[in-house]
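Some notes on the structure that comes next.
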Amino acid sequence: MLKCAVNIYEKIKKKKGYISALAPMEGVTDTVFRQVLCDIGRPDLFYTEFLNVEGFCSKGRKKVIHRLDYAPKERPIVVQLWGNTPEDYVETLEYVKKLKPDGIDINIGCSVRDVLSSGRCSALIKEKDLVKEIIRTVQKASGGLPVSVKTRLGYDEVDVEGWIGFLLTLNLNLITIHGRTSKEGYSTPSRWDKISECVKLRDEISPRTLIIGNGDIKSLKQGEKYVEEYGVDGFMVARGIMNNPWLFSGRNRKEISSEEKRDALLKHLKLFDGTWKGTKPFNSQKKYIKAYISGFDGANELRKNLMVTKNTEEVVKILDNFC
Ligand SMILES: Cc1cc2nc3c(=O)[nH]c(=O)nc-3n(C[C@H](O)[C@H](O)[C@H](O)COP(=O)(O)O)c2cc1C
């Protein structure tokens, strides 16, 4: 950790008292969605979708590099990396640093089966020596950017002392803790009481390492309440944003007019067309139709019609007739 430089996490914390973050979500929180959120309610901190360092260092680079795209207005933004090959982190970081993100995050939390069987992400919880090597390598190669880890409470079992305690010895700037074990996936509620224990341990072992709690946050108010209640330095929202894309503005879905919802969807799809230029299938956008178009009279019927569209022009036509 750089002792003298104030990093982005400390800056936000000092200014606001806590950090609100939009979680990295593969296939969801791309630059298009993040840019729309900048206009309708943004968090203090964005993360990119995760980028596999082995994929980046292979012939497949072209297929994954788009995950690093971001517009200046999205800053502060943290690039999230995953993988288990320290040298590939170094090579990837040479490129990432040129993009001037605000931080580097290492994913040690994803529990998708294929990822686990390859020994990456939360499978690394069982490989402390390798984790130490990866973190040390990234800290050295990050060019002074703050380095963080996003993880879970343990692999098979909650292991605050053994796992989080270990991470706290590694001079990280920030740790985000999703309050479940790897084995649990999403099957239990996020254990915020255990996240709170991690904060107490942090106070003993590494007071300068900030802790963001994650899991089951559905509103700004709830996030702020959890900051108070559990002592975390911030909160991170993932699935909740698809239930209410206006979440970070503090407005609940019912308070947003149907016109605002329509406009947000149109903005999103125009940006989608302009950004990806046909390289991503239009069907990948249906999840956003569901996210924006709900919670008003006639939304269900409208959504049904929008779900069978094949391109933005068809959506525009339907929305023109609706309003
Ligand atoms: C569709 C989807 C994609 C995700 N992709 C990532 C990812 O790329 N990196 C990551 O660290 N976590 C990823 N996650 C996990 C979330 O960031 C978050 O830790 C988890 O969903 C718990 O938060 P929530 O209860 O607010 O959803 C993903 C989750 C979902 C639902």
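The values are calculated or read from the model by the stated rules, or taken from the named source; none is laboratory data. Note that this is a predicted model, so its numbers are computed, not measured. Note: ideal-geometry Cβ built from the backbone for every residue, glycine included; neighbour counts use all protein chains shown.
Okay, here's what the table says:
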read-out: Residue ID - nearest to residue 113 (Cα to Cα), chosen from residues in region 139-198 that are more than 16 Å from the ligand (Cβ to nearest atom) and small (Gly, Ala, Ser); value: 162
read-out: Hey, residue 248 near the ligand (Cβ under 10 Å from one of its atoms) and on the phi < 0 side of the Ramachandran plot or not; value: no
read-out: Residue count for region 95-111, restricted to those that are touching a Ser or Thr at 6+ places or on another chain (Cβ under 8 Å) and either among the β-branched types (Val, Ile, Thr) or away from the ligand (no atom under 14 Å from the Cβ) (or both); value: 5
read-out: One residue from 217, 212 being touching a strand residue (DSSP E or B) at 6+ places or on another chain (Cβ under 8 Å), crowded, with 18+ Cβ neighbours inside 10 Å, in a strand (DSSP E or B) and aliphatic (A, V, I, L, M); value: 212
read-out: Qualifying residue in region 168-190 (condition: over 27 Å from residue 296 (Cβ atoms), hydroxyl-bearing (Ser, Thr, Tyr), assigned to a helix (DSSP H, G or I) and touching a helix residue (DSSP H, G or I) at 6+ places or on another chain (Cβ under 9 Å)); value: no
read-out: Residues within region 303-323 that are outside any helix (DSSP H, G or I) and touching a residue at least 60 places away in the same chain (Cβ under 8 Å), tallied; value: 1
read-out: Residue in region 112-131 that is within 14 Å of the ligand (Cβ to nearest atom), modelled with pLDDT under 95 and either part of a loop (DSSP other than H, G, I, E, B) or under 30 Å from residue 263 (Cβ atoms) (or both) present; value: yes
read-out: Those residues of region 210-230 which are touching a residue at least 60 places away in the same chain (Cβ under 8 Å) and more than 11 Å from the ligand (Cβ to nearest atom), in sequence order; value: 210, 220, 224, 227
read-out: Residues of region 98-111 classified as out of contact with any Phe, Trp or Tyr (no Cβ under 8 Å at 6 or more places or on another chain), aliphatic (A, V, I, L, M) and assigned to a loop (DSSP other than H, G, I, E, B), total; value: 0
read-out: Check on residue 237, of a type in the set (A, V, I, L, M) and surrounded by 17 or more Cβ atoms within 10 Å (Cβ to Cβ); value: yes
read-out: Helices (runs of 4 or more DSSP H) wholly inside region 1-94 that include at least 2 residues being within 14 Å of the ligand (Cβ to nearest atom), in the same structural domain as residue 145 (by TED's automatic domain parsing) and more than 20 Å from residue 177 (Cα to Cα); value: 31-40, 53-56
read-out: Within region 226-257, tally of residues that are part of a helix (DSSP H, G or I), modelled with pLDDT of 95 or more and in contact with a Leu (Cβ under 9 Å, 6 or more places away or on another chain); value: 5
read-out: Residue ID - surrounded by the fewest Cβ atoms within 10 Å (Cβ to Cβ), chosen from residues in region 284-302 that are free of Cβ contacts under 8 Å to residues at least 60 places away in the same chain and polar (S, T, N, Q); value: 300
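Here is a yes/no grid of residues against (1) under 30 Å from residue 176 (Cβ atoms); (2) away from the ligand (no atom under 16 Å from the Cβ); (3) assigned by TED's automatic domain parsing to the domain that holds residue 29; (4) touching a Lys or Arg at 6+ places or on another chain (Cβ under 9 Å):
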residue: 204; (1), (2), (3), (4): yes, yes, yes, no
residue: 232; (1), (2), (3), (4): yes, no, yes, no
residue: 242; (1), (2), (3), (4): yes, no, yes, yes
residue: 262; (1), (2), (3), (4): no, yes, no, no
residue: 266; (1), (2), (3), (4): no, yes, no, no
residue: 272; (1), (2), (3), (4): yes, yes, no, yes
